[in-house]
1. Which whole-Hz ³J(HN,Hα) couplings does the range 142-159 yield from phi under the Karplus relation 6.51 cos²θ - 1.76 cosθ + 1.60, θ = phi - 60°, glycine and proline marked x?
2. Determine ³J(HN,Hα), in whole Hz, for all residues of the range 174-191 in sequence, where each value follows from phi through the Karplus function 6.51 cos²θ - 1.76 cosθ + 1.60 and θ = phi - 60°; x replaces Gly and Pro.
3. Kindly rank 61-72, 231-242 from highest to lowest mean number of other beta carbons found within 10 Å of each residue.
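Bear in mind that the values in this text are calculations on the coordinates, not laboratory data. Only a predicted model underlies this, so the values are computations on that prediction, with no experimental measurement involved. As a convention, Cβ positions derive from the backbone with ideal geometry for all residues, glycine included, and neighbour counts pool all protein chains shown.
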Amino acid sequence: MGRVTERRRVVRIRDGAVSTRPDTLVAEEPLEIRLNGRPLAITMRTPGDDFALAAGFLVSEGVLGGAADVANIVYCAGATEDGSNTYNVVDVKLAPGVPVPDITLERNVYTTSSCGLCGKASLDAVRTTARWRLDERDGDDIRLTPETLSALPDRLRAAQRVFERTGGLHAAALFTPEGELLDVREDVGRHNAVDKLVGRALREGLLPLSDAVLLVSGRASFELAQKAVMAGIPFLAAVSAPSSLAVDLAAETGLSLVGFLRGGSMNIYAGEQRIALRTAAGDGLAAADRPSA
């Protein structure tokens, strides 16, 4: 099985002094995901948690909704000409009775890049396949304080073990509304890190993640918002900017979306009802002053 990191020789220049040394890099290898033996998608990922990655990917595509939907997940032997196992091909076998989606070229383009359909079609696809509604929760809905949100990025960074050695990994983490770290995964791709989180939750019977906060390093794309919605996660926060389509999806589905979460600053793009907002006077933010979704 592939390693998470690899060593490479590097020529280093520091203040005019030249030296050579080994450097630790994050590993990147392709993973082919098969469904009942048929190729479905290929993603570039950091080896590790491959079964969870495949399961989480299928949750985001509406194929899986619980651990009982999976018969087994295996690495495919004989993936190369000499019959050796590269551990870069995973086959997910569905349990009897679970519908097998129509695997087409158009579907592969959409699932791997999210650019195969226009914005409206993308929103419609998520709305029609989502198993859990985020906009139908009442008084039991989660609420966070800005102070709790502000502390999450530092907690995520402290939990990134491989990032500290390489500086080249994205991360995604699940937190409780009180800021307790539940799980964290690292990968060269933010979407893979989220899939690993969701896949682990599925295999442990924890879906939907209706009381969890998802934090991602970098920006919040439509694809990441989609994965949150499909896993039943009501709150997505990112340390950088969201895309316009991610904001549209959040507003459409009831997902709370926060961007530019840095220090004590943040922008709320949708779902501000899940944040305990206060004015300078200490009162709740007036409805007219609340950010538009």
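1. 6, 9, 10, 8, x, 5, 5, 4, 4, 7, 5, x, 5, 5, 5, 4, 5, 8
2. Each residue of the range 174-191 in turn: 10, 10, 7, x, 8, x, 7, 6, 9, 6, 9, 9, 10, 6, 5, x, 4, 5 Hz.
3. Values: 61-72: 17.3, 231-242: 24.1.
Averaged packing, sorted descending, gives the order 231-242, 61-72.
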